[in-house]
1. Could you identify the single residue in B:75, B:43 that is modelled with pLDDT of 90 or more and touching a helix residue (DSSP H, G or I) at 6+ places or on another chain (Cβ under 8 Å)?
2. Give the residues of region A:137-173 that are surrounded by fewer than 20 Cβ atoms within 10 Å (Cβ to Cβ) and not in a helix (DSSP H, G or I), sorted by residue number.
3. What residue, of B:34, B:42, is in contact (Cβ under 8 Å) with a residue 12 or more places away in the chain, among the hydrophobic types (A, V, I, L, M, F, W, C) and open to solvent by 30 Å² or more (accessible area, probe 1.4 Å)?
4. Looking at region A:106-124 only, could you name the residues that are within 14 Å of chain B (Cβ to nearest Cβ) and either modelled with pLDDT under 80 or open to solvent by 80 Å² or more (accessible area, probe 1.4 Å) (or both)?
5. Among (1) within 14 Å of another protein chain (Cβ to nearest Cβ); (2) modelled with pLDDT under 90, where does residue B:38 come up short?
6. Would you confirm, using the coordinates I've provided, whether residue B:90 is open to solvent by 80 Å² or more (accessible area, probe 1.4 Å), closer than 30 Å to residue A:56 by Cα and within 14 Å of chain A (Cβ to nearest Cβ)?
Amino acid sequence: MIGVCVSAQIARTEPHNPEAGLGERIAENQRRVFQIAYSVLGNSADAEDAAQEAFLRAYQKFASLREAEKFRPWVNRIVFRLALNRQRDYRRRLARDTAWQVTETPVMVDGAKDAEQLVMLDRLRREIERLPEKLRSVLQLSLVEEMDASDVGAVLGIPAGTVRSRLHTARKLLLEVMK
Amino acid sequence: MKNACEIWKDQLLEAALTGSLTAGLEEHLRTCTICSEELGNIRARKARLDTLLPFVAQRSEPSANFRAQVLAAARAAREGKRARPWRVWRLAGATAVVVVVLMMGLTLQRRTARMIPENELAAAQKLTEWRAPSDGLLVTPGQEILRTMPRLGESYLDVPVKTDEEE
């Protein structure tokens, strides 16, 4: 209810100062948008770039969105697509630049402090990467705070029941491989 | 895990994930210590996974100045857009100036062409027909002979060729 009121207020103030409206929207959505990007990309710098680009795109095309309340799922979709594209580009570059290398470059992980946990988290990320895309997307989005099955389904265009079923399969596969 | 217990593998994973055992698995676990041990291991792995998974996304936050950065970028983009019409007007203005200058040049050129006086035109015509006085000195008698002389393969005599009927 508060969110709707704030959005309505933003819609009223927007024509006079567009950045004021954007500022409110960033405040409401930044944590979730950033986490979506982070769950896909795995590092803060890239996630922040993707989140920033998502907000700018949403801001530039906001006129095409008739209902201000739909901003949340809209920006979720934008950031998820942007993060996936960035990750694909990164993988392509990595495959091209390090084709001669045998060893893998260790991935820096933010948030985890313990060394053993860092190693495990690195391994977990690699296992998630190996999951089929349908399962991986559901898992990555489900790990974001404030994202329930219907939110994840809205981003991926699938029903909430399918999200829950895929999430269960993904967790089962991870449980099997993370010995 | 024994080969015979492979059939319980999936159910063990399900049991660890859902926290509930099927009647069949419960009965098997009463008699199979290996599977009971395996279930314990899977449960431990699940606990570890539950601890780690939030780190994949949740324990991360954007930097403190994230909002300011996005707003600055949005402002820059908006100002860039605003500046764009000026660029268009500037280009249009420059094109108009070039067109006006060209038209003025053409008009002036036409007027200048019309204003040439008759006497100047006559003088220009005379100038084109002028020959240098030394041209006469270059003329030699041999030149006329060379002009009228038959060329190689030609005859001095212009005798018509006889046909068979005339003979």
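The values are calculated or read from the model by the stated rules, or taken from the named source; none is laboratory data. Everything numeric in this text was worked out from a predicted model, so none of it was measured. Neighbour counts are summed over all protein chains in view; Cβ atoms, including those assigned to glycine, are modelled from backbone coordinates with ideal geometry. When the accessible area is computed, the model is the full protein with side chains, heavy atoms only, and any ligands, DNA or RNA have been set aside. Shrake-Rupley method; radii C 1.70, N 1.55, O 1.52, S 1.80 Å.
1. Every option except B:43 fails the conditions.
2. Residues satisfying the conditions are A:145, A:146, A:148, A:157, A:158, A:159.
3. B:34
4. Keep residues of region A:106-124 that are within 14 Å of chain B (Cβ to nearest Cβ), which gives A:107-124.
Once the filter is applied, which keeps residues that are within 14 Å of chain B (Cβ to nearest Cβ) and either modelled with pLDDT under 80 or open to solvent by 80 Å² or more (accessible area, probe 1.4 Å) (or both), region A:106-124 yields A:107, A:108, A:109, A:110, A:111, A:112, A:113, A:114, A:116, A:119.
5. Looking at each condition in turn, residue B:38 falls short on (2).
6. Criteria not met by residue B:90.
Yes or no, residue by residue, for (1) more than 22 Å from residue A:137 (Cα to Cα); (2) modelled with pLDDT under 75; (3) surrounded by 19 or more Cβ atoms within 10 Å (Cβ to Cβ):
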{"residue": "A:27", "(1), (2), (3)": "yes, no, no"}
{"residue": "A:84", "(1), (2), (3)": "no, no, no"}
{"residue": "A:96", "(1), (2), (3)": "yes, yes, no"}
{"residue": "A:104", "(1), (2), (3)": "yes, yes, no"}
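Let's see how each residue does on (1) outside any helix (DSSP H, G or I); (2) facing another protein chain (nearest Cβ under 9 Å):
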site: B:28; (1), (2): no, no
site: B:48; (1), (2): no, yes
site: B:54; (1), (2): no, yes
site: B:61; (1), (2): yes, yes
site: B:96; (1), (2): no, no
